[in-house]
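Asker: First the structure, which I've put down as structure tokens, then a few questions once you've had a look.
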Amino acid sequence: MNLLEILNFSKEYLQKYSFSKPRLESEKLIANVLQLDRISLYMYSDMELDDEQKSKIKTCLREMARKRIGFDELIKSKEVNINTVNYKNENIDLLNKSAEYLKKHGVSSPMLDTEYIFSHVLNVSRLVLTLNLNKKIEDSAKDKIRELLIARGKHRKPLQYLLGEWEFFGYPFKVDERVLIPRSDTEILVEQCKFLLKEMVGSPKVLDIGTGSGAIAISLGKEVPNAKIIGADISDGALEVAETNRKLNQVENVTFVKSDVFSAFKDEKFNMIISNPPYIPLNEYQELMPEVLKYEPENALTDNGDGYYFYSKISKEASTYLNDNGILAFEVGYNQAETVSELMQENGFDILSIVKDYGGIDRVVIGKKCGDK
């Protein structure tokens, strides 16, 4: 039961015993147990209470009903002990020192990463982390927090790999060092492709080249359930992660296939081909921040050349695999939209749109086969 459900249960319980203000009495009781202001209770309505908190609430409800007294009188009677040691100051100090440690080691968002680590170890939502800091953090949990802080700070391991899961387009994705970490900029590619697919009749067939974790394919599969989507990757490890994510998100209209670009699709046709290929030039790749350079898969980031190898190859071959009115959609690097557009035009595509990311950088290029009306 979450907090709102317990509030409603408590109100109904006291109402059954003819309390004149059952909701008010319930709010006083639960706010005291959780060590919150009464007005703050509804800010945490989805919060799950632990067994100790629920037990104290039930004990107080029974005593209030048995003696027909309000919560204020119950507190004065001292017959029920609901006082809890408050560890908040100690835990906030630990939180702040942890953030300072990450900052000292050059982590760009030290407090945010610290909150994610604490929430992960304590198994609570980051949004209600401060509420849970009232309770004692056991030594085993502190040891785990310390271990993750060292990995994040001293060794600069990406937060997403430490947590083992990251959200993309509102869906959860397992991630590890076999796959690229899904970025928010890629959500723009998914959003644009989603709009185009919803305009297509029947069951549009989609190919996602270089699927990695499956983030693009699975998100589109969830958003456009009538589409049939194939995610392709040359990496066995990436395909294993993608399949795990397909099952995690319970999506049935997505499959994954091992393929070097189009090698596994000789006689197939698609309504849309999407790719977020390795596009970082080799000289820029070597200057990346340590989180990326040390941990994320190199073959998902750079083509070991000028960054245009896969754009050129896919643009040259895509028409063969596209139906009439077929769409080719790319995510591109910060300075690549113009050149990628030219490559697409040289290979028989009309440019439909170039879409900017949240930072105002041209991030998505979408084209259509020339001559198709």
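Asker: Out of the residues in the stretch 326-371 that are farther than 19 Å from PRO281 by Cβ and hydroxyl-bearing (Ser, Thr, Tyr), which is surrounded by the most Cβ atoms within 10 Å (Cβ to Cβ)?
Answerer: Among residues in the stretch 326-371 that are farther than 19 Å from PRO281 by Cβ and hydroxyl-bearing (Ser, Thr, Tyr), the one surrounded by the most Cβ atoms within 10 Å (Cβ to Cβ) is SER353.
Asker: Could you look through the stretch 226-253, keep only residues that are among the aliphatic types (A, V, I, L, M) and part of a helix (DSSP H, G or I), and pick out the one that is surrounded by the fewest Cβ atoms within 10 Å (Cβ to Cβ)?
Answerer: LEU248
Asker: GLN15 passes all but one of (1) within 27 Å of VAL128 (Cα to Cα); (2) out of contact with any Ser or Thr (no Cβ under 6 Å at 6 or more places or on another chain); (3) not hydrophobic (A, V, I, L, M, F, W, C); which number fails?
Answerer: (1)
Asker: Within the stretch 131-187, which residues are touching a Ser or Thr at 6+ places or on another chain (Cβ under 9 Å) and basic (Lys, Arg)?
Answerer: LYS135, ARG146, ARG152, LYS174, ARG178
Asker: In the set GLU90, GLU100, GLU147, which member is at pLDDT below 95, surrounded by fewer than 16 Cβ atoms within 10 Å (Cβ to Cβ) and not in a loop (DSSP other than H, G, I, E, B)?
Answerer: GLU90
Asker: Right, GLU346: among the charged types (D, E, K, R), touching a residue at least 40 places away in the same chain (Cβ under 8 Å) and either in the same structural domain as SER275 (by TED's automatic domain parsing) or within 19 Å of GLN192 (Cα to Cα) (or both) or not?
Answerer: no
Asker: Same structure, new question: Checking VAL340 against (1) closer than 27 Å to VAL257 by Cα; (2) touching a residue at least 40 places away in the same chain (Cβ under 8 Å); (3) not in a loop (DSSP other than H, G, I, E, B), which single condition isn't satisfied?
Answerer: (2) is the only condition that VAL340 fails.
Asker: Select from the stretch 173-211 the residues that are in a loop (DSSP other than H, G, I, E, B) and out of contact with any strand residue (DSSP E or B) (no Cβ under 7 Å at 6 or more places or on another chain) and list them in ascending order.
Answerer: ASP176, GLU177, ARG178, VAL179, LEU180, ARG183, SER184, GLU199, VAL201, GLY202
Condition check ((1) within 30 Å of LEU293 (Cβ to Cβ); (2) of a type in the set (Gly, Ala, Ser); (3) in contact (Cβ under 8 Å) with a residue 40 or more places away in the chain) across all residues:
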site	(1), (2), (3)
LEU180	yes, no, yes
ARG183	yes, no, no
ILE188	yes, no, yes
LEU196	no, no, yes
GLU199	no, no, no
ILE209	yes, no, yes
SER213	yes, yes, yes
ILE216	yes, no, yes
SER219	yes, yes, yes
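Asker: Counting just the residues of the stretch 10-37 that are part of a helix (DSSP H, G or I) and surrounded by fewer than 15 Cβ atoms within 10 Å (Cβ to Cβ), which one comes out nearest to the chain's Cα centre (by Cα)?
Answerer: Going through the qualifying residues, I end up with GLU12.
Residue-wise test of (1) in contact with a helix residue (DSSP H, G or I) (Cβ under 9 Å, 6 or more places away or on another chain); (2) over 25 Å from TYR295 (Cβ atoms); (3) at pLDDT 95 or above; (4) not in a helix (DSSP H, G or I).
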| site | (1), (2), (3), (4) |
| --- | --- |
| THR84 | yes, yes, no, yes |
| MET111 | yes, no, yes, no |
| THR114 | yes, no, yes, no |
| LEU127 | yes, yes, no, no |
| LEU131 | yes, yes, no, no |
| LYS136 | yes, yes, no, yes |
| ARG152 | yes, no, yes, no |
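Residue-by-condition table, conditions (1) small (Gly, Ala, Ser); (2) in contact with a Phe, Trp or Tyr (Cβ under 6 Å, 6 or more places away or on another chain); (3) part of a strand (DSSP E or B); (4) surrounded by 24 or more Cβ atoms within 10 Å (Cβ to Cβ):
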{"position": "SER213", "(1), (2), (3), (4)": "yes, yes, no, yes"}
{"position": "GLY221", "(1), (2), (3), (4)": "yes, no, no, yes"}
{"position": "THR255", "(1), (2), (3), (4)": "no, no, yes, no"}
{"position": "LYS266", "(1), (2), (3), (4)": "no, no, no, no"}
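The values are calculated or read from the model by the stated rules, or taken from the named source; none is laboratory data. This is a predicted model, so every value here is computed, not measured. Note that we place each Cβ from the backbone using ideal geometry, even for glycine, and neighbour counts take in every protein chain shown.
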